Every structure is written in C-alpha cells, then in structure tokens.
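Peer 1: Just dropping this structure here.
The values are calculated or read from the model by the stated rules, or taken from the named source; none is laboratory data. Since this is a predicted model, take the numbers as computed values, not measurements. We place every Cβ from the backbone using ideal geometry, glycine too, and count neighbours over all the protein chains shown.
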Amino acid sequence: MRRQLCREEGSAVIRPTAHHDPYAKLLEGRIVLLGTRLDDDAAGEVVARLLRLEHTRPDEDITLYVNSPGGSPSAMSAVYDTMRHVSCDVGTHCIGQAGPEAALLLAAGTPGKRFALPGARVVLRQPALSERIGGRASDLAVQAAELARVRARMEELLARHTGRTPEQVAGDIERETVLDAPGAVAYGLVDRVLPHRPDTPPASGAR
C-alpha cells in the first residue's frame, strides 16, 4: 500500500493517501461518523457530509454512526436541523456511547432505522451552556434564560422522538440517566439492538 510520510518534530508520521482514506470509503458507503465530542468543527464536518450525500443521491439512505459524549447544544442543533432538512432517510447507529446531545441525534434518526449495538450506552442529562457563565447580573439573567430555552427544546425534541411526554423527559434528565442498549430500546431512543448486520449471518458458534 502506498503511503505518504510526513515529518513532525523529528518523528515520521504515516498518513494514508486519499485513495486509502477510511473516511472517504465510509462516504462511498453513505456512512457518516460522529466519533468525537460534538463541537462546532465536528458538527460542520457532519453537516457537510450529509449535504454532500444528499446532493449525490437524494433518494438513498444515509447512516449516521454515533460515538460521542455529547457537547455543544448549538452544534447539536446544526446537525439535527440538517438531518431533518435532507431528503434522504437518515438511519442512526449507536456504537460506544451517545451522551446527551448525541443521544438526541440518535433518537432523531428515521423511525425504524435507529439501532444500538449491544455494548452501546446512552446518557440522558440536562444540557449545559458551552460558554463559561459569568459577568454582570444582567448577563447572568440572559444566560439563565438561554439555558432554560435550550433545556426546554431538548425536552420537547426527546419527547417527540421517543413517544414520552415532556414531563417524563424533564424528570429523567434532571439527574443523569444511563441506559444500556436494551434500555435505549425500551425508552424509545432506538428501535432495536443490532448484534450484526441484517444481511450478514453471524459467524459459526456466535450467539
């Protein structure tokens, strides 16, 4: 395999060529990975890939793999709104973990196409502002109002995508709620646990 070498601080760093870029291969399969904390940069990459895949083949499904501790509510909103905007169905798969904001993206996948792998966990928790809270009393009042607005929207969206009431969701995110994969199904965040690909039989001897 051809590889490019790059020198950084006296050490050789091997970087794959574009031909062997794993993320490019994922895009060929219409797969988008959210595998980091959800900040503006991560959201921008996910949004760009969703829009590119819609432009390429607007009638074919996209799969969003989620392994993220959560992050910025505004970054979450950017991805969420794009998922709702594109014409493609967006299926979601939780691998590893989905923290609060990532959990909402997981739940926002197309109904019937939301999955969790057996070892996945989903964490529900009230949101926090990404900016540090401080300043004058008037600034604190504005920040408190914004935090209340963000929380109310998260409660409303989680309720919409799980079938629970906003009051139920409000109680569940008041303190951290951790769900395993079957628990995420029971809560309505995903549709089922996916131990292996639907079109691939399990290996001999696998349970």
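Peer 1: May I ask you to list the residues in region 97-113 that are farther than 19 Å from residue 49 by Cβ and in contact with a strand residue (DSSP E or B) (Cβ under 8 Å, 6 or more places away or on another chain)?
Peer 2: 97, 99, 100, 103, 107
Peer 1: Residues being touching a strand residue (DSSP E or B) at 6+ places or on another chain (Cβ under 8 Å) and basic (Lys, Arg): count how many of those fall in region 19-47.
Peer 2: So the count comes out to 2.
Peer 1: Being in a strand (DSSP E or B), β-branched (Val, Ile, Thr) and out of contact with any Asp or Glu (no Cβ under 9 Å at 6 or more places or on another chain) is the filter here; which residues of region 32-78 pass it? Give the steps one after another, and end with the answer.
Peer 2: To start, the set of residues in region 32-78 that are in a strand (DSSP E or B) comprises 32-34, 38, 62-68, 71.
Subsequent filtering for residues that are β-branched (Val, Ile, Thr) retains 32, 62-63, 66.
Selection gives 63, 66.
Peer 1: From 65, 23, grab the single residue that is at pLDDT 95 or above and among the aromatic types (Phe, Trp, Tyr). First the steps, then the outcome.
Peer 2: On the way: 23 fails: at pLDDT 95 or above.
One residue alone meets the criteria, 65.
Peer 1: Okay, moving on. Given the conditions (1) in contact with a strand residue (DSSP E or B) (Cβ under 8 Å, 6 or more places away or on another chain); (2) among the aliphatic types (A, V, I, L, M); (3) surrounded by fewer than 17 Cβ atoms within 10 Å (Cβ to Cβ), which single one is not true for residue 50?
Peer 2: That leaves (3) as the condition not met.
Peer 1: Return the total of residues in region 80-124 being within 13 Å of the chain's Cα centre (by Cα), of a type outside the set (S, T, N, Q) and assigned to a helix (DSSP H, G or I).
Peer 2: 11
Peer 1: Where residues in region 153-207 are among the small types (Gly, Ala, Ser), at pLDDT 95 or above and assigned to a loop (DSSP other than H, G, I, E, B), which of them is surrounded by the fewest Cβ atoms within 10 Å (Cβ to Cβ)?
Peer 2: Taking the candidates together, the pick is 163.
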